[in-house]
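Report on one structure; see the data block that follows.
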There are 2 protein chains.
Amino acid sequence: NSRQGNFIYTRFISAGKCHRSVRAFSASSNEPEEKAPHFKRSSVVHPLSAHIKMVMQEKPYTLPHPIWTESELNEVTITHVKPSLFVDKAAYASVQTLRFFFDVFSGYYIGKFRGTLNEKKWLTRIIFLETVAGVPGMIAAMLRHLRSLRYLQRDHGWIHTLLEEAENERMHLLTALVLRKPGFLFRFAVIGAQGIFVTLFSAAYIISPKFCHRFVGYLEEEAVKTYTHCLECIDRGDLKVWAKTAAPSISQKYWQLPEGAMMRDVILAIRADEAHHCEVNHTLSSMDMDKQNPFEPGK
Amino acid sequence: NSRQGNFIYTRFISAGKCHRSVRAFSASSNEPEEKAPHFKRSSVVHPLSAHIKMVMQEKPYTLPHPIWTESELNEVTITHVKPSLFVDKAAYASVQTLRFFFDVFSGYYIGKFRGTLNEKKWLTRIIFLETVAGVPGMIAAMLRHLRSLRYLQRDHGWIHTLLEEAENERMHLLTALVLRKPGFLFRFAVIGAQGIFVTLFSAAYIISPKFCHRFVGYLEEEAVKTYTHCLECIDRGDLKVWAKTAAPSISQKYWQLPEGAMMRDVILAIRADEAHHCEVNHTLSSMDMDKQNPFEPGK
Ligand SMILES: [Fe+2]
Ligand SMILES: [Fe+2]
Ligand SMILES: [Fe+2]
Ligand SMILES: [Fe+2]
């Protein structure tokens, strides 16, 4: 019964066919230790966190993904692939322009300059960027899947890697959401940004997958820079709350972090993921789209 | 070397970051046993089949999916969920209307009546329908992924099941493509049908996921009928070529068919998959979209 967690399902065998009837209970209804004040009365912990935690512990349905060793986590460095083709230059210019305006208008530049980036500001930035980061992998996977169906061709093994990236970015988002619940205006901005980005990225992927993977490659170079800066802030003692914050349970499970892991370990794991996406996307951009994807599941 | 198959990749460790350089060779260049007359001179075997076969044997990157037992395969029956809500009735009417016109215009009705459905006609029908069948799972997975990012919500474990369905349908398609390579006009129809179906299904899924899962549930009821009829044709001796055709290697691998499996075993496995999608989609349609998906990976 504990294996089934908050689900009870019964199988009726009738006429040789299996029917499953499902009753799902809310996490709090049968798990008294999860009870907490209603989220509207509690401003610290995101109301999703308890649910996320529970479900992740019960059934791991995430795709395979790399589990980083201590040395892999610490050896991540800021890298740069020199743009050579026209699409590379266009991708690099797009990313640099986007980052410049985003950093100015989100207050990251000023905050970095003045040293006023606190945990709240970091989470706001991370949550916003991760809602965007989850888009490319899923759109690319969908478009390649549809292309395979439409042109009666093989996919050459790209889809699983793209889906793994998309899920991984969504896990970054869910991790950050455990620590902070954004307000109304922010949510509005996220919805707007997704509308624009999904439209433009889909159109761009149909026109030039090479441009898109290079674009994501450069985006991930910036992500590595940002998370490296975040680690520096933690190590400098600027983020006093995070210095004492344990890794959320969902993150500990997902990245298989050791006992007693802290937020710094979570940020290290996220940064390693971003460096991996960077390598993957630069590699895919340099390949013909009908060549075999060299990345195996979870690698 | 044989593990790596037709890929050679080297890892350079530089500045703590891993770069992978990839050289991919065509399957025939280093695998003499795969050599065959150029596909333009050979009309029987689809040119993709050798490639598909090879890659599947080297690295299984497919998602988890059910492997059916002998009794599960044979106990599949035609089922029907009575429409109760308005969306159910609308979904049922849509599927019945679509099937009626498709059966009339594709010549399936006449063929069934006259008993002139041969392997070629079956494959044409199967290939066309499977290019459509692969759409809903991927579109639904993408829309739920984007919704999770956009509304900062959990997905509640639906995405993996939807992706498993999409991939499974694409495997049905790749299996059929091993046996037949469609011509120009047919390919044109597939591209057109996908354009229309992707647009309508995406719009419908945004408006009513319940309608869409019910629609797929009814579509799969029809798929079970069709594949049951196909099995009857084989058993009646109408499909003399398939009676002597071994299961394609890709199918044998994917469904873990026993040694000496024939086309009949492939059709049995596909029918069991369709019955499973039927159960899954009827279940999902009857659930609120923020309830936990009861289907575990590969189940
Ligand atoms: Fe990320
Ligand atoms: Fe990323
Ligand atoms: Fe199918
Ligand atoms: Fe199906």
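A short reminder: the numbers here are calculations on the coordinates, not readings from a lab. All values derive from a computational prediction rather than experimental measurement. Note that each Cβ is placed from the backbone with ideal geometry, even for glycine, and that neighbours are counted across all protein chains shown.
So which of A:Lys121/A:Lys299; A:Lys120/A:Lys225; B:Lys89/B:Lys299 end up more than 21 Å apart, counting from Cα to Cα? Please list the in-between numbers first.
Values: A:Lys121/A:Lys299 32 Å; A:Lys120/A:Lys225 19 Å; B:Lys89/B:Lys299 28 Å.
The pairs that break the limit, which is 21 Å between Cα atoms, are A:Lys121/A:Lys299; B:Lys89/B:Lys299.
Modelled this way, with points 7 Å down the Cα-to-C-beta line, the labels at B:Asp235 and A:Lys244 are 7.2 nm from one another. Calculated from the alpha-carbon coordinates, segment B:50-188 shows an Rg and a Dmax of 18.4, 56 Å respectively.
Inside 10 Å of the C-beta atoms of A:185-197, what's the mean count of C-beta atoms belonging to other chains?
2
By definition, a body whose alpha carbon gyration tensor gives a ≥ b ≥ c is oblate when a/c is 1.5 or more and a/b is not larger than b/c, and segment B:209-299 fits this oblate description. In nm, what does the list of distances from B:Glu232 to its counterparts in the other copies look like, shortest first, when each label sits 7 Å along Cα to Cβ? Nearest to farthest, the other copies are at 7.3 nm. For B:Arg187, the label point sits 7 Å beyond Cα toward Cβ; its separations from the matching points on the remaining copies run 4.8 nm, from shortest to longest. Taking amide H as placed 1.01 Å from N in the peptide plane, B:Met262 has its amide H under 5 Å from the amide H of B:Ala247, each at least 5 places away in sequence or on another chain. Determine which residues of segment A:213-236 fall in the zone a paramagnetic label at A:Glu75 would reach in this model, i.e. backbone nitrogen under 20 Å from the point 7 Å along Cα→Cβ. So the set is A:221, A:224-225, A:228. A label point on B:Pro83, set 7 Å along the Cα-to-Cβ line, lies at 5.3 nm from each of its counterparts in the other copies, closest listed first. Across all directions, the average flat footprint of the convex hull enclosing the Cα atoms of segment A:147-253 is 9.4 nm². The separation of segment B:64-90 from segment A:107-168, counted between C-alpha centres, amounts to 35 Å.
Taking Cβ atoms as reference points and 13 Å as the exclusive limit, the residues near B:Lys225 contribute a net charge of -2, counting Lys and Arg as +1 and Asp and Glu as -1.
Please report the base-10 log of the normalised intensity I(q)/I(0) for segment B:65-129, using a Debye sum with one equal scatterer per alpha carbon and no solvent, at each q in 0.12, 0.20, 0.24 (1/Å). Ignoring solvent entirely, the Cα scatterers give -0.52, -1.01, -1.00. Residue-level result for chain A: its Cβ closest to the axis carrying A onto B, with that distance in Å, is A:Met142, 2.
With a 10 Å cut-off around each Cβ of B:273-285, the average count of Cβ atoms from other chains is 1. With a sphere of radius 10 Å drawn around the Cβ of B:Tyr108, what net charge do the other residues whose Cβ falls strictly inside it have (Lys, Arg +1; Asp, Glu -1)? Once positives and negatives cancel, what remains is +3. Counts of other chain beta carbons within 10 angstrom of each beta carbon in peptide B:156-166 average 4. Using the average count of surrounding beta-carbon atoms within 10 Å as a protection proxy, the listed peptides A:286-296, A:134-144 rank, highest first, as A:134-144, A:286-296. The Cα center of segment A:175-243 and the Cα center of segment A:245-268 differ in position by 20 Å.
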